[in-house]
Amino acid sequence: MIYKAKRGQLSYGEAIEILLLDTFTPFIPGDVANASSYKFPVRFQRVKGFTVKRALERDNTIFKSLLAASKKLVEQGVRAVTGDCGFMGIHQQRLVNCLDVPVFLSSLLQIPFISSIIPENGKVGIITADSESLDVSLFNAVDVKDIDKLEIKGLQDKENFYKAVIEEVGTLNSKHIEKEIVFAAKQMIVEEPRVKAVLLECSCLPPYGAAVQEAVNLPVFDYITMINYVYSSVVKQRFVGFM
């Protein structure tokens, strides 16, 4: 087989580009921004100036920087572009229209799929970094139409999560945060028994997905779920086996 070099490309084999917020948070295994969370190589690109505050406020002025970061790695051969904050979804369609590769910025893009696999009278439970900032404009941006089918629980009032992820103190106690998230999930199910699946919006939450599932015994989706799914579509595997 003959391979041809792409002029200007420095390395090869990284299909997924992950756009990172400009944050000061420890990225533990399972976090979207931790390379060991994946069974395949990924590329990271920090978007300078794209802070948590600007993400939660859905600041459209950051789009120019977001686009520049995306194009930089698309030129280096990535096959799809994702992000590390569900609130990036406000830029989803605009970025899709600017790039020639698939774009899936927000974990919230999974909602229509999740809704389609649960009973018609069921609800999708969303655990989010900040329920007060998760509004209709963001759902519209990721093509979620039926807001009534969602049950939302925020973590902005959870001390350990808030300090580590929102306040960015530079340290993270994973055991304490896990307890906060599991408590939020259990509380959500008690308040709304019609929840039939859970989506963890924040990119820091996948490490706690197993604990949430053990606590509520429901399907749990998160950013890693989505990234693995898209990777499997842009890098198809040949099957080896026997009959």
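The values are calculated or read from the model by the stated rules, or taken from the named source; none is laboratory data. Treat the numbers as computed from the prediction; the structure is a model and nothing was measured. Counting neighbours? That spans all protein chains shown, and the Cβs are built from the backbone with ideal geometry, glycine included.
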Is the range 7-24 home to any residue that is over 21 Å from ALA141 (Cβ atoms), in contact with a helix residue (DSSP H, G or I) (Cβ under 8 Å, 6 or more places away or on another chain) and part of a strand (DSSP E or B)?
yes
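Return yes when ASP143 is surrounded by fewer than 18 Cβ atoms within 10 Å (Cβ to Cβ), within 28 Å of GLU192 (Cα to Cα) and touching a helix residue (DSSP H, G or I) at 6+ places or on another chain (Cβ under 9 Å) and no when it is not. Walk me through it before giving the result.
Numbers: surrounded by fewer than 18 Cβ atoms within 10 Å (Cβ to Cβ): yes; within 28 Å of GLU192 (Cα to Cα): yes; touching a helix residue (DSSP H, G or I) at 6+ places or on another chain (Cβ under 9 Å): yes.
Judged against the criteria, ASP143 is a match.
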Find the helices (runs of 4 or more DSSP H) located wholly in the range 88-177 whose residues include 3 or more that are modelled with pLDDT of 95 or more and in the same structural domain as VAL32 (by TED's automatic domain parsing), and list them.
92-96
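In the range 213-243, which residues are part of a loop (DSSP other than H, G, I, E, B) and closer than 17 Å to SER107 by Cα?
Keep residues of the range 213-243 that are part of a loop (DSSP other than H, G, I, E, B), which gives 217-219, 222, 235-243.
Of everything in the range 213-243, those that are part of a loop (DSSP other than H, G, I, E, B) and closer than 17 Å to SER107 by Cα turn out to be PRO219, ASP222.
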Residue, surrounded by the most Cβ atoms within 10 Å (Cβ to Cβ), within the range 188-212, restricted to residues that are free of Cβ contacts under 8 Å to residues at least 12 places away in the same chain and outside any loop (DSSP other than H, G, I, E, B)
ALA210
Mind checking which residues of the range 51-77 are buried (at least 16 other Cβ atoms within 10 Å of the Cβ) and without any contact (Cβ under 8 Å) to a residue 12 or more places away in the chain?
ARG54, ASP59
Taking the range 1-38 only, how many residues are touching a residue at least 24 places away in the same chain (Cβ under 8 Å), surrounded by fewer than 18 Cβ atoms within 10 Å (Cβ to Cβ) and among the charged types (D, E, K, R)?
3
Here is a list of conditions, (1) at pLDDT 95 or above; (2) closer than 30 Å to VAL216 by Cβ; (3) basic (Lys, Arg), and ARG58 meets all of them except one; can you say which number that is?
(1)
